[in-house]
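The values are calculated or read from the model by the stated rules, or taken from the named source; none is laboratory data. Since the structure is predicted, the reported quantities are computational estimates derived from the model, not experimental observations. Methodologically, a virtual Cβ is constructed for each residue, glycine included, from the backbone with ideal geometry; neighbour enumeration extends over all protein chains shown. The accessibility values were calculated without ligands, DNA or RNA, using every heavy atom of the protein model including side chains. Shrake-Rupley method; radii C 1.70, N 1.55, O 1.52, S 1.80 Å.
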Amino acid sequence: MSTEPPPGSGQPPEDDPFRKQPPPGEGQGPGSGSPYDTPYGGSQPPPPSYGGGPYGGGPYGAGGDEGGYPADPLAGMPPLADSGRRTLARIIDMILVGIVVVLVTLAFGVSEYQMHGERISAGRSLAQSVIAAVLFVAYDTLLIAKTGQTLGKKWLGMRVANLNDGATPSGQTSLMRALVLWLPFAFCCACVWTIICGGWSFFDKPYKQGLHDKAAKTVVVSTR
């Protein structure tokens with residue numbers, strides 16, 4: 001009988017190559033090949049306990065290493081991605097999807113410019129906002145749920161991971177993350193919300209999370 005979790009359960013499959021593995025000696029050998037193998041075994045001391053994860057529960061529950069995981073949720077993961085590179089990756093994604101938004105709006109005859117005699121006034125239409133929201137949310141959700149990487153993140157060597165186990169986020173988690181990031185961007189305060197939501201990672205400690213990461217309980221880690 002298959003051990004795969006049911007679709008939509010939010011649980012990563014057992015064969016997810018990015019899922020954080022227990023330290024060597026906890027049912028695995030030190031040469032298992034997992035990108036999240038940790039060196040904490042033998043004579044080396046484990047990392048200090050931080051009193052549990054920031055969201056409660058999970059394999060790094062309060063004061064222990066339940067399930068064989070260290071108390072620190074980042075133990076065994078690659079280093080957190082630099083916030084500057086994250087910003088550059090986001091700009092790349094915005095340009096790529098923005099080009100598609102423009103092409104689609106032109107194809108549907110939706111324009112943000114309106115002619116009034118000899119005067120031209122610029123105004124964002126509701127239809128254009130809906131198109132932008134759908135395309136940005138779909139782009140982010142599908143790619144993050146599939147590989148943890150948008151094109152910008154892939155080109156700059158980083159990926160999104162679940163904070164609790166390092167696995168690629170589920171479709172539900174990816175959708176939550178995308179909605180928090182892109183809905184305000186599309187409908188009301190594009191520049192301001194992008195700066196606040198993404199810029200939060202420059203000041204957040206210790207996980208460098210943007211507001212969308214906090215909502216989805218994810219982190220962005222380096223793949224290089």
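A compact table of results
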| quantity | calculated |
| --- | --- |
| Nearby lysines by direct alpha-carbon distance to Lys154 (threshold 22 angstrom, same-chain neighbours under 8 apart not counted) | Lys20, Lys146, Lys208, Lys214, Lys217 |
| Inverse of mean 1/r across different Cα pairs in the stretch 124-217, Kirkwood, Å | 13.6 Å |
| Solvent exposure ordering (accessible area, 1.4 Å, most first) of Arg85, Arg90 | Arg85, Arg90 |
| Distance-filtered residues of the stretch 149-165 - backbone nitrogen under 14 Å, label point 7 angstrom along Ile99 Cα→Cβ | 151-152 |
| Integer Hz, Karplus 6.51/-1.76/1.60 couplings in order for the stretch 97-102, x for Gly and Pro | 6, x, 4, 5, 4, 4 |
| Nonlocal amide H pairs with Met158, under 5 Å, H built at 1.01 Å | Thr223 |
